[in-house]
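Below: one structure, written as structure tokens.
The values are calculated or read from the model by the stated rules, or taken from the named source; none is laboratory data. Here the structure is a predicted model, which means the values were calculated and not measured. As a convention, Cβ positions derive from the backbone with ideal geometry for all residues, glycine included, and neighbour counts pool all protein chains shown. Please note that ligands, DNA and RNA were not included when accessible areas were found on the heavy atoms of the full protein model with its side chains. Shrake-Rupley method; radii C 1.70, N 1.55, O 1.52, S 1.80 Å.
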Amino acid sequence: MLGVPEAAVTRKPPRAVVFDNDGLLLDTEPCWTAAQEALFLAHGRVFDLAAKRALVGTSPRTAGPILERLLGQPHAGGQLSDEMYALALTEISAGATPRPGAVDLVARVRAACLPVAVASNAPRRHLLAGLRRVGLDDAFDAVLGVDDVGNPKPAPDLYLAACQAMLVAPAVAIALEDSPPGVAAARAAGIWVIGIPSIPGVVLDADIVAASLADAVVHEALGLDPAGRSG
């Protein structure tokens, strides 16, 4: 359920903003779904919504054990994950698009002179391929993929590294996330979190939850004038 706690209204505007990428900034989930469907088909299984929910927000390392279970192939997690990520890179390079409100919100955060970063559980090459395709590859002060840190989300490493790169304390930043591992990572880093679910049925334990990046509550939480949205 979407909700706006009173704390969202009284909280001070942030001094920095950190975006997740897949499913939050970019609509790469159809790309990942195509890759996952192809992977499951190649291994004689049908990819369904339950499998999608299990894999959303994972990293190459954390996807392996899940794929082992879903595809009934113990000890093959590394190989299965590599196959999925290779397929996804091709799909993302050809088909990634911005999520509703993403390009406008990034532009407005930059115009407000707030440091802004991307912290993604995807490998850096996947992250850059998507950002490059939609023209956002030069829009951020820091761009971090899972291979830039020691541990993937839900560990806090990516968010702590992003804050360090922007020279701000986590307590004065805001994170925007679409997955439970991402929300958990931001919380573990001590960052206030806006949740924007990208997969039906996924519940986010964020400080506020909105339907899209274009929602007025998102702009208000970031200290931006909702009336200034361009769509």
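Here GLU37 does not fit the description of being of a type outside the set (A, V, I, L, M), free of Cβ contacts under 8 Å to residues at least 24 places away in the same chain, open to solvent by 30 Å² or more (accessible area, probe 1.4 Å) and touching a Leu at 6+ places or on another chain (Cβ under 9 Å).
Rundown of residues vs (1) closer than 17 Å to ARG124 by Cβ; (2) more than 19 Å from the chain's Cα centre (by Cα); (3) surrounded by fewer than 16 Cβ atoms within 10 Å (Cβ to Cβ); (4) not acidic (Asp, Glu), yes/no style:
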| site | (1), (2), (3), (4) |
| --- | --- |
| ASP48 | no, yes, yes, no |
| ALA51 | no, no, no, yes |
| LEU67 | no, yes, no, yes |
| GLY72 | no, yes, yes, yes |
| HIS75 | no, yes, yes, yes |
| SER81 | yes, no, no, yes |
| ILE92 | yes, no, no, yes |
| ARG99 | no, no, no, yes |
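Restricting attention to the stretch 146-159, the residues being without any contact (Cβ under 8 Å) to a residue 24 or more places away in the chain and under 12 Å from the mean Cα position of the chain (by Cα) number 0.
The sole residue among ASP22, ASP48 that is among the acidic types (Asp, Glu) and under 18 Å from LEU176 (Cβ atoms) is ASP22.
Flag set for ASP178, criterion: under 19 Å from THR28 (Cβ atoms) and among the acidic types (Asp, Glu).
What residue, of VAL193, VAL218, VAL183, VAL209, is over 22 Å from PRO115 (Cβ atoms) and either without any contact (Cβ under 8 Å) to a residue 40 or more places away in the chain or within 16 Å of the chain's Cα centre (by Cα) (or both)? Step through it out loud before you land on a result.
Numbers: VAL193 fails: over 22 Å from PRO115 (Cβ atoms); VAL218 fails: over 22 Å from PRO115 (Cβ atoms); VAL183 fails: over 22 Å from PRO115 (Cβ atoms).
Matching residue, one of VAL193, VAL218, VAL183, VAL209: VAL209.
Total residues in the stretch 3-23 satisfying the condition of being open to solvent by 90 Å² or more (accessible area, probe 1.4 Å) and at pLDDT 50 or above: the figure is 2. Being among the acidic types (Asp, Glu) and part of a helix (DSSP H, G or I): is that true of ASP137 here? So ASP137 does not fit the description; no.
For every residue, the table says whether it meets (1) of a type in the set (A, V, I, L, M, F, W, C); (2) over 29 Å from ALA139 (Cα atoms).
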{"residue": "ARG53", "(1), (2)": "no, yes"}
{"residue": "VAL56", "(1), (2)": "yes, no"}
{"residue": "ILE66", "(1), (2)": "yes, yes"}
{"residue": "HIS75", "(1), (2)": "no, yes"}
{"residue": "MET84", "(1), (2)": "yes, no"}
{"residue": "GLU91", "(1), (2)": "no, no"}
{"residue": "PRO100", "(1), (2)": "no, no"}
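Looking only at residues of the stretch 126-145 that are free of Cβ contacts under 8 Å to residues at least 60 places away in the same chain and aliphatic (A, V, I, L, M), we find that the one that is most open to solvent (accessible area, probe 1.4 Å) is LEU128. Residues in the stretch 130-145 that are within 15 Å of the chain's Cα centre (by Cα) and either acidic (Asp, Glu) or farther than 20 Å from ALA173 by Cα (or both): GLY130, LEU131, LEU136. When GLY44 is tested against (1) within 28 Å of VAL209 (Cα to Cα); (2) surrounded by fewer than 18 Cβ atoms within 10 Å (Cβ to Cβ); (3) out of contact with any Leu (no Cβ under 8 Å at 6 or more places or on another chain), exactly one condition is not met: (1).
Within the stretch 178-205, being buried (at least 24 other Cβ atoms within 10 Å of the Cβ) and either touching a His at 6+ places or on another chain (Cβ under 9 Å) or assigned to a loop (DSSP other than H, G, I, E, B) (or both) holds for ASP178, SER179, ALA189, ILE191, ILE196.
Within the stretch 90-108, residues that are in a helix (DSSP H, G or I) sit with their Cβ atoms under 8 Å from residues that are open to solvent by 60 Å² or more (accessible area, probe 1.4 Å) and among the hydroxyl-bearing types (Ser, Thr, Tyr), at 6+ positions apart or across chains, in these pairs: ASP104/SER230.
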